[in-house]
1. List the residue pairs whose Cβ atoms are under 8 Å apart, where the first residue sits in segment 345-358 and is more than 14 Å from residue 298 (Cα to Cα), the second is assigned to a strand (DSSP E or B) and among the small types (Gly, Ala, Ser), and the two are 6 or more positions apart or on different chains.
2. Failed condition for residue 248, given (1) at pLDDT below 85; (2) closer than 27 Å to residue 283 by Cα; (3) not in a helix (DSSP H, G or I), with all others met?
3. Go through the residues of segment 201-216 one by one and say whether even a single one is farther than 25 Å from residue 346 by Cβ, at pLDDT 85 or above and over 31 Å from the mean Cα position of the chain (by Cα).
4. On the basis of being exposed (fewer than 14 other Cβ atoms within 10 Å of the Cβ) and not small (Gly, Ala, Ser), does residue 35 make the cut?
5. Return a yes/no flag: does segment 79-93 have any residue that is part of a strand (DSSP E or B), among the hydrophobic types (A, V, I, L, M, F, W, C), touching a helix residue (DSSP H, G or I) at 6+ places or on another chain (Cβ under 6 Å) and closer than 23 Å to residue 18 by Cβ.
6. Only one residue in 125, 67 is among the acidic types (Asp, Glu), at pLDDT below 90 and closer than 14 Å to residue 23 by Cβ, so which one is that?
7. Identify the residue in segment 296-313 that is among the hydrophobic types (A, V, I, L, M, F, W, C) and over 30 Å from residue 254 (Cβ atoms) and, among all such residues, is modelled with the highest pLDDT.
8. Taking residue 177 and the conditions (1) out of contact with any strand residue (DSSP E or B) (no Cβ under 7 Å at 6 or more places or on another chain); (2) surrounded by 10 or more Cβ atoms within 10 Å (Cβ to Cβ); (3) aliphatic (A, V, I, L, M), which numbered condition does it fall short on, given that it satisfies the others?
Amino acid sequence: MEGKEVIEALFVHAAEGILVANQKGEIIRTNPSAEKMFGYEKDELLGQKIEVLVPQRAANAHVAHRDGFNKNPHPRNMGTGMNLFAKRKDGSEFSVEISLSPYKQNNESFVVAFIIDITIRKKADDEIIKKKEELEVLTEHLKASNRELENFAYISSHDLQEPLRKILSFGDRLKSIESQNFSEQGKDYLDRILNASVRMQNLINDLLSFSRLSTRAQVFAPVDLNMILKGVLSDMEVTIEKTGTKIEAGNLPAIVAEPTQMRQLFQNLISNAIKFRPASGTAVIKIYSQPGSTDNLVDILVEDNGIGFDEKYLDKIFTIFQRLEGSKYEGSGIGLAICRKIAMFHGGNITASSAPGKGATFKITLALKQKRNKVNLTENESA
């Protein structure tokens with residue numbers, strides 16, 4: 001096939017609409033895609049001004065643009081990043097992108113226009129913009145709802161503390177002063193009241209801890225996790241010795257984090273491992289680190305040989321108030337939810353692998369460095 005035949009084939013069979021106009025703006029050639037796009041029959045556009053394909057409101061401006069292009073002809077795109085419309089024979093309009101390429105032949109100037117109907121793409125883009133705006137509104141509503149819930153938990157927990165303290169205080173007085181006047185059944189009832197009150201107090205304190213993760217100022221600083229872990233193990237020394245738990249700690253990295261939350265993270269995970277230790281034999285907890293999935297992430301692993309759990313409950317164990325063992329073990333069901341919130345606040349997450357009777361390994365992913373120093377104050381705490 002000769003070169004001219006190849007060019008002609010490309011012109012005739014191109015998916016884009018192609019128009020050729022002279023310096024006066026008169027159409028001298030169209031391809032089938034352009035004729036179909038604008039709703040004209042073959043050769044029906046020949047001799048007409050290019051403005052016949054432009055909406056009336058933009059026709060005068062188009063003439064000025066055309067004259068400016070003729071004075072300084074150069075390849076350029078039109079319509080990218082803006083709303084550009086063309087007009088069909090029936091007067092209907094549609095969105096287009098156009099590229100212009102000037103050329104000369106026999107000392108006469110011409111321009112070739114390549115036209116793409118972007119109606120479907122424009123509709124999709126508009127829908128994306130609309131959904132993005134809706135998502136931004138929903139995100140703001142969600143942030144506001146979260147703030148309200150956090151403030152509610154914080155304030156409600158404080159309000160619940162006072163009557164609970166009175167129950168415990170007067171209950172202790174009854175037990176120490178009046179217990180000799182109680183029947184055995186009465187003493188049992190009083191003990192149950194005091195035990196339930198202590199559990200309620202622990203629950204409230206855990207709820208306060210959960211809410212404070214987002215409602216108190218949190219300043220990130222360089223933290224040596226080895227020192228954090230050493231402090232936690234020192235604080236838990238009595239519990240560790242009492243339960244005969246063996247701790248094996250590897251070298252941990254230094255990261256940029258909120259120190260108090262790191263202490264809480266390790267304390268909750270170690271307490272969890274001790275709570276669900278094996279019924280017989282020595283409880284062993286291994287704490288070590290490994291590189292994360294990116295250069296700025298590290299994985300901290302807390303591995304135990306305890307009772308384990310079925311992984312079908314994996315999502316459940318990190319949800320607030322969820323307890324797989326019901327009332328068999330003490331606790332509020334908030335500890336692992338706190339760990340998850342801390343990990344996410346530090347640019348990571350937490351997951352676990354386990355099987356019943358096979359122990360569990362919790363993997364906490366943390367960012368080594370934070371993109372920015374985080375400080376989060378609520379209105380009532382910043383006042």
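The values are calculated or read from the model by the stated rules, or taken from the named source; none is laboratory data. Quantities reported herein were computed from a predicted structural model and do not represent experimental measurements. Heads up, the Cβs are rebuilt from the backbone with ideal geometry, glycines too, and the neighbour counts pull from every protein chain shown.
1. Final answer for the pair search is 352/360; 353/360; 354/360.
2. That leaves (1) as the condition not met.
3. Residues of segment 201-216 farther than 25 Å from residue 346 by Cβ: 201-204.
Applying the additional criterion that residues be at pLDDT 85 or above yields none.
Among the residues of segment 201-216, not one is farther than 25 Å from residue 346 by Cβ, at pLDDT 85 or above and over 31 Å from the mean Cα position of the chain (by Cα), which makes the answer no.
4. Numbers: exposed (fewer than 14 other Cβ atoms within 10 Å of the Cβ): no; not small (Gly, Ala, Ser): yes.
So residue 35 fails the test.
5. So the first thing to find is which residues in segment 79-93 are part of a strand (DSSP E or B), and the list is 85-87, 93.
Add one more test, that the residue is among the hydrophobic types (A, V, I, L, M, F, W, C), and what stays is 85-86.
From what is left, the residues that are touching a helix residue (DSSP H, G or I) at 6+ places or on another chain (Cβ under 6 Å) are 86.
Okay, now just the ones that are also closer than 23 Å to residue 18 by Cβ, so 86.
Yes, segment 79-93 has at least one match.
6. Values: 125 fails: closer than 14 Å to residue 23 by Cβ.
It is 67.
7. First, pick out the residues of segment 296-313 that are among the hydrophobic types (A, V, I, L, M, F, W, C): 297-298, 300-302, 307, 309.
Filter once more, keeping what is over 30 Å from residue 254 (Cβ atoms): 307, 309.
Details: 307: 89, 309: 86.
So, considering only residues that are among the hydrophobic types (A, V, I, L, M, F, W, C) and over 30 Å from residue 254 (Cβ atoms), the one modelled with the highest pLDDT is 307.
8. It is condition (2) that residue 177 fails.
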